[in-house]
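J.: Take this structure, written in structure tokens, and hold onto it; I'll ask about it next.
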Amino acid sequence: MRKVELLIKPTSYNCNLNCVYCFYKKTSRLYGEGKHRMNYETLEKLISEAINYSEGGPCIFSWQGGEPLLTGIEFFKKVI
């Protein structure tokens with residue numbers, strides 16, 4: 001059994017909070033604005049492979065971004 005911990009960025013650097021301390025603001029200048037979002041196929045593959053790799057051990061998924069909630073509630077319902 002293996003413990004698997006993943007930090008997932010489902011929206012890339014997209015964010016609507018505009019925090020003064022955030023380094024992601026500079027990223028949009030480099031790569032341009034746009035809606036970047038992990039698709040469901042990638043999400044399913046990521047979770048499936050993490051669970052298989054863990055061989056029955058715990059899998060911990062943490063969400064980071066940008067702002068992960070920009071993916072919408074349906075995205076996280078599919079995770080569950």
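Yes/no per residue for (1) in contact with a helix residue (DSSP H, G or I) (Cβ under 9 Å, 6 or more places away or on another chain); (2) among the small types (Gly, Ala, Ser); (3) modelled with pLDDT of 75 or more; (4) over 16 Å from PHE75 (Cα atoms):
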residue: PRO10; (1), (2), (3), (4): yes, no, yes, no
residue: CYS19; (1), (2), (3), (4): yes, no, yes, yes
residue: CYS22; (1), (2), (3), (4): no, no, yes, yes
residue: LYS25; (1), (2), (3), (4): no, no, no, yes
residue: ARG29; (1), (2), (3), (4): no, no, no, yes
residue: ARG37; (1), (2), (3), (4): yes, no, yes, no
residue: ASN52; (1), (2), (3), (4): no, no, yes, yes
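J.: Under 8 Å between Cβ atoms, which residue pairs at least 6 apart in sequence (or on different chains) link something in segment 43-57 that is acidic (Asp, Glu) with a partner that is assigned to a helix (DSSP H, G or I) and modelled with pLDDT under 95?
T.: That search, which allows pairs on different chains as well, returns GLU44/LYS78.
J.: Moving to a separate point now. Name the residue that is farthest from PHE23 (Cα to Cα), counting only residues in segment 40-80 that are among the polar types (S, T, N, Q) and touching a strand residue (DSSP E or B) at 6+ places or on another chain (Cβ under 7 Å).
T.: Here the residue is SER54.
The values are calculated or read from the model by the stated rules, or taken from the named source; none is laboratory data. Here the structure is a predicted model, which is why all the values come from computation and not from measurement. A quick note on method: Cβ atoms are made from the backbone with ideal geometry, for glycine too, and the neighbour counts reach across all protein chains shown.
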